[in-house]
Amino acid sequence: MKVLVTGGLGFIGSHTVVELQNKGYDVVIIDNLSNSSAEVINGIVKITGKMPIFVNLDLRNKQHVDGFFNQHKDIEGVIHFAASKAVGESVKDPLLYYENNITTLVYILQQLTELKRKNFIFSSSCTVYGQADKLPITEDAPIKLAESPYGNTKQIGEEVIKDTCCAYKDLNAIALRYFNPIGAHPSTEIGELPIGVPQNLVPYITQTAIGLREQLSVFGDDYPTSDGTCVRDYIHVVDVAKAHVIALERLMENKTVSNFEVFNLGTGKGSTVLEVINSFEKVSGQKLNYKIVARREGDVTAAYANTTHANDVLGWKTELSLDDAMASAWNWEKKIRG
Ligand code: UFG
């Protein structure tokens, strides 16, 4: 069974390729290497013993997208990760985000509807909820006005898929709303490779501990939470990857209730920034150099998932803990800097 993974050399994409190949799927990766490295393929091969097909293709080129699908008529499912994901960059360059995240989605869906290939999984985000009124967050929580062009692309992306599924009943799609994926593969063959200064908490922690950054800034300790720092639902990337395989099987086995379904991917447990730092210090045996600074603009106070829908309907739940994720992130950091 052949599966296309766009953005398959990225952080979540590469872990998903591993899980797919471990389950016997034949994977074709499309990636333009704009935020990834071709060396990731070596890591995938080391873990799985199998070489995926890799096509260096820019999905913003409609002719290339059409040509690709014409050459690969036997693709049974598409998992679409390829997208830009930096909130700050999206504010500075919104059109880049609408082009990278929306135009490419439209081109792929055009092919799927034309060629009657129906199984599609979309990388969405808990960012669509903004600061939810009720915690934990269920999938039917209202979609709030997006905080950034990046967040807007995830909202619009879901709308585009929903409308397309309404018009083309053959199309069968699932959007997975990730909370905060972190960590690395336990083999330390693949992991997160942020380019430049990391914007996200966990790579910033590990880069500080390894000596690449001087100090972690904790953005605000005056939030209405247990210790004053923001709460997020940190989920191990391997658990996230496995959810994609289960979602794909749900599509392929026609188990879906409607032809557009949405699931939260989280642990259901919120952790504060200080709890994440504590977990890191515990598993690494290292003290982390950090200081409390002012709040970061755009941060919500707390977000964590209600996982009932994913557990009961998708039949997936997380298996790994925050400590597992922090230990794997640290092992990965040590390996790549070693
Ligand atoms: N944080 C720090 N210091 C840092 C980096 C982050 O204190 O150097 C804090 C943030 O304030 C936040 C928490 O750590 O409280 C998590 O921050 P991340 O940037 O790792 O993650 P976010 O929850 O802000 O971002 C995630 C996704 C985005 C998405 C966003 C929407 O990474 O893609 O959720 O809420 F847009």
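Taking the DSSP beta bridges in the chain as the whole, what percent of them are antiparallel, to the nearest 5? Mind showing how you got there, number by number?
Working: 2 of 42 bridges.
In the chain, approximately 5 percent of DSSP beta bridges are antiparallel ones.
Given the options N32, N22, N306, state which has the largest fluctuation in a GNM of the chain using a 10 Å cut-off (strictly under) for Cα springs.
Result for the chain, Cα springs under 10 Å: N22 fluctuates most.
Using the Cα centre as the reference, give the magnitude of the dipole from point charges on the C-beta atoms of the chain (Lys, Arg: +1; Asp, Glu: -1; all else neutral), rounded to the nearest 20 debye.
It works out to roughly 400 debye.
From Cα pairs below 8 angstrom and at least 6 apart in sequence, can you work out the relative contact order of the stretch 19-70, rounded to a whole percent?
37 percent
Using only alpha carbon pairs under 8 Å that are at least six residues apart, calculate the relative contact order of the chain and give it in whole percent. Present the calculation step by step, with values, prior to reporting the outcome.
Details: 664 pairs, mean separation 65.9, N = 338.
Relative contact order here is 20 percent.
So how strong a dipole does the stretch 52-93 carry about its Cα centre when Lys and Arg Cβ are +1 and Asp and Glu Cβ are -1, to the nearest 20 debye?
Using Cβ point charges on Lys, Arg, Asp and Glu, the stretch 52-93 gives about 100 debye.
Given the -39500 (n - 2.57) contribution per DSSP H run of 4+ residues, what per-residue ellipticity at 222 nm results for the chain, rounded to the nearest 500 deg cm²/dmol?
-11500 deg cm²/dmol
Which whole-angstrom value gives the distance between the alpha carbon centres of the stretch 304-329 and the stretch 186-254?
13 Å
Return one number: the angle in degrees, 0 to 90 and rounded to the nearest 10, between the long axis of the Cα atoms of helix 322-337 and the longest principal axis of the Cα atoms of the chain.
Once rounded, the angle reads 90 degrees.
With the crude spin-label approximation of a point 7 Å out along Cα→Cβ, what separation in nm comes out for V313 versus Q63?
It works out to 4.2 nm between the two label points.
Under 10 Å, Cα contacts only: if you run a Gaussian network model on the chain, which one of T206, T225, T318 comes out with the highest mean-square fluctuation?
Looking only at T206, T225, T318, the biggest GNM fluctuation is shown by T225.
By average Cβ neighbour count within 10 Å, what is the ranking of 146-156, 264-274, 284-294, 126-136 from highest down?
Going by the mean number of other Cβ atoms within 10 Å, highest first, we get 264-274, 146-156, 126-136, 284-294.
What ³J(HN,Hα) values, in whole Hz, does the Karplus curve 6.51 cos²θ - 1.76 cosθ + 1.60 give for the stretch 257-269 when θ = phi - 60°, with x put for Gly and Pro?
8, 10, 8, 9, 10, 10, 9, 6, 10, x, 8, x, 10
Can you tell me which aspartates and glutamates have their Cα less than 18 Å from the Cα of K162? Leave out same-chain residues fewer than eight positions away.
Reachable aspartates and glutamates: E114, E139, D140, D170, E261.
By counting other Cβ atoms within 10 Å of each Cβ, how are V65, V300 ranked from fewest to most?
Sorted ascending by nearby Cβ count, the order is V300, V65.
Using 0.36 nm per residue of separation minus the Cα-Cα distance, give me the extension gain between E297 and E99 in nm, one decimal.
Working: separation 198, 0.36 × 198 = 71.28 nm, distance 2.48 nm.
Using 0.36 nm per residue and subtracting the Cα-Cα distance, I get 68.8 nm.
We did not get these values from a lab; they are worked out from the coordinates using the rules stated. Note that the coordinates shown come from a computational prediction; the quantities given were computed from them, not determined experimentally. A quick note on method: Cβ atoms are made from the backbone with ideal geometry, for glycine too, and the neighbour counts reach across all protein chains shown.
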